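Okay, so here's the structure we're looking at.
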Amino acid sequence: MNRKLGITVTLLLLTAALVQAKGLPLPKPDLERGSIAVTVRGRAPIGSKAPAIQVYFVRLGDEVEMLAAESVIPSNFSRKKQVYLLNTRPGRYVAVAAQLRSDGISPSDYVVFFDGEMIPQTEIEVTPGQVTFMGDFLVDLKVKMEESDDAQAHYYQLIEPDAARKGFFARSFSGRYMYRGDLVSVERGAAIEAEYWTVARDKVFKKEADWREQVAKSAASGKPGNGNLFSAIRDGDYDQAAQLISADADLGAKDEDGNSPLHIA
């Protein structure tokens, strides 16, 4: 990762930390932008599960390769085990890595890098004025970063360049552990989204009226599934599209180009 990109990612991470500091308000929802909501849990080798406090995203485009992008976008808010990228540009996004934090007397941080099979399964379409649910992901944490596939190796070097130059024992003494991630399960659909939005509305954004209203609108309209609906239609996955439509995804929603799902079908 070049120095300019490293500084940019560091500043974004610092901004996210400051936003979550006690007493510092969140920015108001930008109706010309959209947001991503996600949960990631890592299953450690000893069997315990650690939730994500940070997720790294890639915004896809004509010149952006999903498994080898040149930059990442860190999430900018997390609370109650839910992670968000708020007020981001509309478009297609995938998640490529996550930082997890274990509970306990001495919390530990893990950074897990998703493999080339998992990353495409995280793809969603972010639409203006909506919070899009990416999913609830459970990931197995695997040691031996030297056994990473091409996607894991690429994002390891991009996100954690200093750690990538060190051996296993040197990384262990730093208190920040690096793992390969293999997808165990992903949960989506009306039931899991309803549960997610209830926590978001009643606990995560309890004191942020603007965001609470934004989440409530998404939950009431069934529009959190729209991003997945756009992706399913573009990928020709009509079984998934049918399931999303059955779960009340909005057929009148618009993507960044002003197209509805029916227009691109």
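The values are calculated or read from the model by the stated rules, or taken from the named source; none is laboratory data. Please read all numbers here as calculations on a predicted model, not as lab measurements. Positions of Cβ are generated from backbone atoms using ideal geometry, with glycine treated the same way; all protein chains shown enter the neighbour counts.
Candidates are the residues of segment 88-145 that are under 20 Å from I192 (Cβ atoms) and of a type in the set (G, A, S); the one that is nearest to the chain's Cα centre (by Cα) is A95.
Entry remark, segment 103-116: residues being at pLDDT 95 or above and of a type in the set (D, E) number 1 in total. If only residues of segment 99-125 that are touching a helix residue (DSSP H, G or I) at 6+ places or on another chain (Cβ under 6 Å) and assigned to a strand (DSSP E or B) are counted, the one that is surrounded by the fewest Cβ atoms within 10 Å (Cβ to Cβ) is E125. Considering only residues of segment 31-57 that are buried (at least 17 other Cβ atoms within 10 Å of the Cβ), free of Cβ contacts under 8 Å to residues at least 60 places away in the same chain and aliphatic (A, V, I, L, M), which is nearest to V96 (Cα to Cα)? Residue satisfying both the conditions and the ranking: V55. The single condition among (1) among the aliphatic types (A, V, I, L, M); (2) modelled with pLDDT of 95 or more; (3) surrounded by fewer than 20 Cβ atoms within 10 Å (Cβ to Cβ) that L86 does not satisfy is (3). Residues in segment 18-30 that are surrounded by 13 or more Cβ atoms within 10 Å (Cβ to Cβ) and either at pLDDT below 60 or among the polar types (S, T, N, Q) (or both): V19, Q20.
Taken over segment 206-246, the criterion of being out of contact with any Asp or Glu (no Cβ under 8 Å at 6 or more places or on another chain) and either modelled with pLDDT under 60 or of a type in the set (V, I, T) (or both) is satisfied by V215, I233, I245.
Selection over segment 165-195 of residues that are modelled with pLDDT of 85 or more, closer than 18 Å to S148 by Cα and surrounded by 14 or more Cβ atoms within 10 Å (Cβ to Cβ) gives a count of 7.
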